[in-house]
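Here is the structure we will look at.
What follows is calculated from the coordinates using simple rules that are stated; it is not laboratory data. Because the structure is predicted, anything quoted here is derived from the model rather than measured. FYI the Cβ positions are ideal-geometry reconstructions off the backbone, even for glycines, and counts take in every protein chain you see.
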Amino acid sequence: HLYWAVLWLALAAGMEVIGPLLGKRLIDEHLLPHHLDWTRMALLLGGVLITGWIATIVRYLQLVRLSGVAMRSVQRLRERVYGHVLRLPMAFFDRAITGQLVSRVTNDTEAVKGLYIQVLFVILDSSIVLIGTVAAMAWLDWRLMSIVVALLPFVLVIVWAYQRLSAPAVTRARQLRSDINAQIAESIGGMSVLQANNAERRFGDRFAKTNDEHYTQRLAEIRANAWLLRPALDMLNIILLASVIFMFGQREMSAAEVGVLYAFINYIARVIEPLIQITMQFSQLQQSVVATSRVSILLDEASAAEHSGAERRPRSAANDAAQAVQIRDLDFAYVDKQTVLHKLSLDIPQGAFFGIVGHTGSGKSTLLSLLLRYYPAPHGSILMNGVPLDEIDNEEFRADVGLVPQDPFLLAASARENIDMGRGLTQQQIETAARAAHAHDFIMAMEEGYDTVLGEGGSRLSTGQKQLIAIARALAGQPRILLLDEATSHIDSQTEQIVQEALNELRGRVTIIAIAHRLSTIREADRIVVLNHGRIAEIGPHDALMQIEGGLYQRLYLLQQLAA
Ligand code: ATP
Ligand code: MG
């Protein structure tokens, strides 16, 4: 496609250069000397018209080809960027701002297209026209040509001044546009909190302020364009025309030279226009360069798979050790030096049920995130079935480990799709999982059963129901290890008992690690791990922990009994 586009382009440029030459011959050889040879004149006139038509048609073809190439490349790039974002490690999303990410995947990839269609081709096209025109002028009258060419460097000066003026505004405007996206995304995401805090006006004002600044920056760019670039170049055009006409005035005006004047006036417009086009591309180029660098920074983020440099081994090569999970002297910090977990060691046998308790911020969710490989743990500090965590093949790992997160996330899709999550499960498997999680009954109670569409974020379900869906989703994958983070915090005691039973049914088959504030959920656990400031304070079954006089667990438990 590119090859054809370049070919069309060269043809169009050639036709545009030939047109005035034919016109010149028509004037000089026939019109002025009154040498009215009608056939030759018709041929020349036809030539002028036909070259014009060909140029127009070929330009159309070239534009279509080129747009095809550019759009296809944007599409591919966008797919690649989104595909990459899907594989980024969780640590990236701690820092990422949703709206900015959205604008990278949508706007910035679009701006990269500008580089193809506009910048590269307009510059190529204009250069061909420019060179052809200058050559034709030199052939007609080299002295006139040298005047025109001598004045051309002024264009560069004008461009330079324009760039200096507009570049900061261009960059700033792009940044602001992505801020605008970010603000919209953020407020929609947190609409209930926003309205509850009566913050509509404040958010509206903040948005108006950003928009206003965006307007100012865009206007500054357009001003530089309208006040400097266009007028200065138009002025140059006039100076060029005046000089050529002045040169003619100085000479003995011979009849034969009127055609040359005609051709020159035509060509001057054709020399100025590509130069204007080229200069205009610089602002597009700036935008494209900024956008390209943003996209490439994003693409350079190491994906989760690349993150742990170690070589991946499929499970078959691993020895199926009795310990489902082994944790050895695990130290971890999100931010340098602020350790969240200290020298943690823990053995969790196959099929065991482990509970993790501890006060807020003690590191429970962090431990789970490490077990889920959201963040890289130090090599060898966590082993699953005897294999270091970072050496396990990603797909096998995800198939093995199920998660019920602290805040259940639902897609804007049907109940079925929310449990299936694109794994292609059968209705049978989905229903079995939903029954096990005791979600089946309330799903069937909805008007369309499993096909009922849950709103984005599952807003038409209660939080407890969302948790049950999340549990069903985790069970549907038939994991060998099931991680639960506060899976029962939002459900009533009766439903909690049901979930408890469901967990008990899994005992022995599935290794369960459950974080719970509500201690009744994990009362039956084989071992309860009590975390305190990232360290294991106590560990043992419920009864043993209750024996420790003044122990952390005992205090927590009694407090909860009291509250109940
Ligand atoms: P809760 O019971 O409230 O859920 P938790 O035991 O799950 O608490 P964690 O979420 O593991 O607590 O957090 C442990 C510590 O790590 C906290 O001090 C928290 O501030 C910090 N922390 C958690 N997530 C991050 C993060 N993404 N970046 C930096 N620090 C974090
Ligand atoms: Mg937590």
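By the rule of a C-alpha distance below 27 Å, with chain neighbours fewer than 8 residues away ignored, the lysines paired with Lys343 are Lys364. Tell me, how many Å apart are the Cα centres for the stretch 532-561 and for the stretch 128-165? Rounded to whole Å, the Cα centres lie 85 Å apart.
Note on the stretch 59-75 and the stretch 226-287: Cα centroid distance 30 Å, given to the nearest whole angstrom. Taking label points 7 Å from Cα along the Cα-to-Cβ direction, Gln497 and Lys343 give a separation of 4.4 nm. To the nearest ten degrees, helix 493-506 and the longest principal axis of the Cα atoms of the chain are 90 degrees apart. Once the C-beta distance of Thr39 and Ile222 is scaled by a Förster radius of 56 Å, the resulting FRET efficiency is 0.60 to the nearest 0.05. Counting neighbouring Cβ atoms within 10 Å and putting the fewest first, the residues Val64, Val122 line up as Val64, Val122. Placing a pseudo-label 7 Å from each Cα along the Cα-to-Cβ vector at Ala413 and Val193 gives an inter-label distance of 2.6 nm. Taking other residues whose beta carbon is less than 14 angstrom from the beta carbon of Arg555, and scoring Lys, Arg as +1 and Asp, Glu as -1, yields -2.
For the stretch 2-301, the relative contact order is 33 percent, taking Cα pairs closer than 8 Å that sit 6 or more residues apart in sequence and dividing their mean separation by the residue count. Quote the relative contact order of the chain in percent (integer), defining contacts as alpha-carbon pairs under 8 Å separated by 6+ residues. Relative CO of the chain lands at 14 percent.
Where Lys and Arg each count +1 and Asp and Glu each count -1, what net charge lies around Arg423 among other residues with Cβ under 13 Å from its Cβ?
Surrounding charge for Arg423 is 0.
Where both residues lie in the chain, what percent of DSSP beta bridges are antiparallel, nearest 5?
50
Axis angle, to the nearest 10 degrees, between helix 200-223 and the longest C-alpha principal axis of the chain: 20 degrees. Given R0 = 30 Å, the distance between the Cβ atoms of Ala167 and Ser296 translates into a calculated FRET efficiency of 0.95. Computed over the chain, the per-residue total of -39500 (n - 2.57) for DSSP H runs of n ≥ 4 gives a 222 nm mean residue ellipticity of -20000 deg cm²/dmol, rounded to 500.
Using the Cβ-Cβ distance between Leu152 and His84 with R0 = 41 Å, the FRET efficiency computed as 1/(1 + (r/R0)^6) comes to roughly 0.40. The modelled label-to-label distance for the pair Glu395/Tyr334, using points 7 Å beyond Cα in the direction of Cβ, is 3.3 nm. One decimal place: the segment Met235-Asp451 gains 71.0 nm when fully extended, by the rule 0.36 nm per residue minus the C-alpha distance.
Taking Lys and Arg as +1 and Asp and Glu as -1, the other residues whose beta-carbon sits under 13 Å from that of Ala111 total +4. Cβ crowding within 10 Å ranks Leu275, Leu63 as Leu63, Leu275, fewest other Cβ atoms first. The radius of gyration of the Cα set in the chain, together with its Dmax, comes out at 36.0, 123 angstrom.
The angle between the Cα long axis of helix 38-86 and the longest principal axis of the Cα atoms of the chain comes to about 10 degrees, rounded to the nearest 10.
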